[in-house]
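The values are calculated or read from the model by the stated rules, or taken from the named source; none is laboratory data. Model, not experiment: these values are computed from the prediction. Here the Cβ positions follow ideal geometry from the backbone for every residue, glycine too, while neighbour counts run over all protein chains shown.
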Number of protein chains: 2
Amino acid sequence: MVVLLTADDVPPPTDIDAITAIADVRTATADTLADVLPGADVLFVWDIFSGALADAWHAADSLRWMHVAAAGVDAVLFDELRDSDVLVTNARGVFDEPIAEYVLACVLAHDKLLHQTEEHRRLGQWAHRETLRVSGRRALVVGTGGIGRAIARLLRAVRLDVSGAGRRPRDDDPDFGTVVDSARLTDHLGDVDHLVMVAPLTEATRGMLGAAELAALPDGAHVVNVGRGALVDQSALTAEIASGRLAAHLDVLQTEPLPAGDPLWTLPGAHVSPHMSGDVIGWRDTLSRQFVDRLRVWVDGGVPGPAVDKQRGYVSGP
Amino acid sequence: MVVLLTADDVPPPTDIDAITAIADVRTATADTLADVLPGADVLFVWDIFSGALADAWHAADSLRWMHVAAAGVDAVLFDELRDSDVLVTNARGVFDEPIAEYVLACVLAHDKLLHQTEEHRRLGQWAHRETLRVSGRRALVVGTGGIGRAIARLLRAVRLDVSGAGRRPRDDDPDFGTVVDSARLTDHLGDVDHLVMVAPLTEATRGMLGAAELAALPDGAHVVNVGRGALVDQSALTAEIASGRLAAHLDVLQTEPLPAGDPLWTLPGAHVSPHMSGDVIGWRDTLSRQFVDRLRVWVDGGVPGPAVDKQRGYVSGP
């Protein structure tokens, strides 16, 4: 039996009929999850912001697989789940290329001064300025999972000089070439033009881009965060942007929505967006289809997808 | 003897010393050109907006080569020059990659809704929206010279579906694959997502994107003009943008600067910029160096660069 965990303001999966044809499906929201969960072997977390399972864990008497329709699983992991035998899978792959395109858009908008030009336009100012060649600019992508790899490939396709930062330093990565040690980030930031944050949020990565790391970036560097807001010390970054030293495209923030009155709403150089970098038209359909495909494998007795390493907090390995 | 045609508000070429070391150099502005020109065999048009040679043509008693520090030569050609034996060369190559990067920036900004997102940010609105996959979008590049080719290659590198429009239709172009007949543009616009205008301005291309062509574009299409403003019927395009049917990034306009009060300053969907798409940091240095290199060839008795076909109005052939 499959429990679909959703919310009132979230549209149902496109493939709900296909899912129902494969399995007995019950729908729950955060409020009703504990009532619906007993007897379920599969939990499909469709409302990706729901951490409701932690509270309903006592009712998960038969749970064997939880699929999360998101790339990041930080919101849904908790200690009892980590220590259990429940298989956790995520939406691996779905967001790779869409987010890579979004990051490239941010990189180009920055180097070609598009936002500044729009501001001049808004003010009726014809202000010729010189822009940057994008080819040869140096990008460091922090996070070497599927999304980070897609970003690296796309930035390389337009001839940026790309490297990665991850747990395991190496010089022969097929997508990054060089991967530097993400635990020693300050050592590798001095020549970075575009710093792309796409690491999963774990206890090891929380706040990894702090005041010291930001200070190690050169003047004029550009931060793109498409991972999680909590990867970054947001007040330190805000101060760097306010000083005019750094600019940023921030698709994720410490608190979402960004509270009214936050300086990031208005600072020149801060370009906030509402957690949408991977959400291309049809994204929910793709997520729905991915679950159906995996559910079929599950029902046939197979392994429905690569497991999230629940201790690390992400799917590890290639 | 080389005459350097410049203007008071234009910085001198970086390599003026090198030029002076190679040849006798005299500097002229539009006002003094007729006085300085007699005896000169080379004219270096450094003020690219100057059409002064037409008025000073009677004084061009020894002129054999004119080099223009611009890609488009529409502003400097006139009938007597066309019918003369004077070799005309342009800044071929210098702007290819910079403009290609700029066009890609515009394409991505459009598909990823960056301008709309900035407008929401300015108003303090957290407004999640779905964006487009860029991969697979259809781009038609009108103009198959060096800049158009660089645009095609870069758009293909991020997996757009690219074709070209030019004088000679063909299916085996190395950069475009298919090139359709630019004289029958309306036949080829029905499925175009991004229409990139980069043709040289000639009598054959003036107004080539008129009301009928614009009407042939599908709803939601995006026009990028990095060629010349007069390629486009600007009032017809303005009407299409005002209706919400089309959007555009216009780096060139019928009148530059765009006059105050023009609706293109304020229409949502119209993104004007001040003729800067190719002007990356160091662009004037590159133009200066290109002339020095060519002047050396000229002084040694060689052909200093590919000739502009003065009847057609651009360098033709590969």
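Within the stretch A:206-245, work out how many residues are in contact (Cβ under 8 Å) with a residue 60 or more places away in the chain and of a type outside the set (A, V, I, L, M).
Total satisfying the criteria: 3.
From (1) in contact (Cβ under 8 Å) with a residue 60 or more places away in the chain; (2) under 23 Å from the mean Cα position of the chain (by Cα); (3) more than 30 Å from residue A:99 (Cβ to Cβ), pick out the condition that doesn't hold for residue B:18.
So residue B:18 meets the others, but not (2).
Which numbered condition trips up residue B:27, out of (1) touching a Leu at 6+ places or on another chain (Cβ under 6 Å); (2) assigned to a loop (DSSP other than H, G, I, E, B)?
(2)
From the list B:127, B:30, B:52, B:40, which one is farther than 27 Å from residue B:271 by Cα and surrounded by fewer than 20 Cβ atoms within 10 Å (Cβ to Cβ)?
On the way: B:127 fails: farther than 27 Å from residue B:271 by Cα; B:52 fails: surrounded by fewer than 20 Cβ atoms within 10 Å (Cβ to Cβ); B:40 fails: surrounded by fewer than 20 Cβ atoms within 10 Å (Cβ to Cβ).
Of the residues listed, the single one that is farther than 27 Å from residue B:271 by Cα and surrounded by fewer than 20 Cβ atoms within 10 Å (Cβ to Cβ) is B:30.
Scan the stretch A:48-71 residue by residue and report those that are modelled with pLDDT of 95 or more and not aliphatic (A, V, I, L, M).
Result: A:55, A:57, A:58, A:61, A:62, A:64, A:65, A:67.
Take the stretch B:115-134 and flag every residue that is part of a loop (DSSP other than H, G, I, E, B) and either more than 7 Å from chain A (Cβ to nearest Cβ) or more than 16 Å from residue B:105 (Cβ to Cβ) (or both).
Applying the first criterion (part of a loop (DSSP other than H, G, I, E, B)) to the stretch B:115-134 yields B:123-130, B:132-134.
B:123, B:124, B:125, B:126, B:127, B:128, B:129, B:130, B:133 - these are the residues of the stretch B:115-134 that are part of a loop (DSSP other than H, G, I, E, B) and either more than 7 Å from chain A (Cβ to nearest Cβ) or more than 16 Å from residue B:105 (Cβ to Cβ) (or both).
If you take just the helices (runs of 4 or more DSSP H) that sit entirely in the stretch A:209-318, which of them hold at least 3 residues that are away from chain B (no Cβ under 14 Å) and farther than 30 Å from residue A:138 by Cα?
Values: elements: A:211-216, A:234-242, A:283-299.
Hits in the stretch A:209-318: A:283-299.
Count, please, the residues in the stretch B:187-200 that happen to be over 16 Å from residue B:245 (Cβ atoms) and loosely packed, with under 15 Cβ neighbours inside 10 Å. It would help to see each step written out before you state the result.
If we filter the stretch B:187-200 for residues that are over 16 Å from residue B:245 (Cβ atoms), which is where we start, we get B:187-188, B:196-200.
Keeping just the survivors that are loosely packed, with under 15 Cβ neighbours inside 10 Å gives B:187.
Total satisfying the criteria: 1.
Taking only the stretch A:61-110 into account, find how many residues are part of a loop (DSSP other than H, G, I, E, B), in contact with a helix residue (DSSP H, G or I) (Cβ under 7 Å, 6 or more places away or on another chain) and among the aliphatic types (A, V, I, L, M).
Of the residues in the stretch A:61-110, the ones part of a loop (DSSP other than H, G, I, E, B) are A:61-64, A:69-78, A:84-86, A:90-95.
Among the residues that remain, those that are also in contact with a helix residue (DSSP H, G or I) (Cβ under 7 Å, 6 or more places away or on another chain) are: A:69, A:71, A:76, A:78, A:91-95.
Next, only the ones that are among the aliphatic types (A, V, I, L, M) stay: A:69, A:71, A:76, A:91, A:94.
So the answer is 5.
Scan B:245, B:170, B:184, B:206 and give me the residue that is closer than 23 Å to residue B:159 by Cβ, basic (Lys, Arg) and surrounded by fewer than 17 Cβ atoms within 10 Å (Cβ to Cβ). It would help to see each step written out before you state the result.
Numbers: B:245 fails: closer than 23 Å to residue B:159 by Cβ; B:184 fails: closer than 23 Å to residue B:159 by Cβ; B:206 fails: closer than 23 Å to residue B:159 by Cβ.
Answer to the selection: B:170.
Within the bounds of the stretch B:306-318, is there any residue that is in contact with a helix residue (DSSP H, G or I) (Cβ under 7 Å, 6 or more places away or on another chain), small (Gly, Ala, Ser) and within 28 Å of residue B:144 (Cβ to Cβ)? Before you say what the answer is, go through the steps one by one.
Narrowing the stretch B:306-318 to residues in contact with a helix residue (DSSP H, G or I) (Cβ under 7 Å, 6 or more places away or on another chain): B:310-311.
After this cut, where a residue has to be small (Gly, Ala, Ser) as well, the list is none.
No, the conditions are met nowhere in the stretch B:306-318.
Just one of (1) surrounded by fewer than 23 Cβ atoms within 10 Å (Cβ to Cβ); (2) farther than 21 Å from residue A:134 by Cβ trips up residue A:227, so point out which.
Result: residue A:227 fails condition (1) only.
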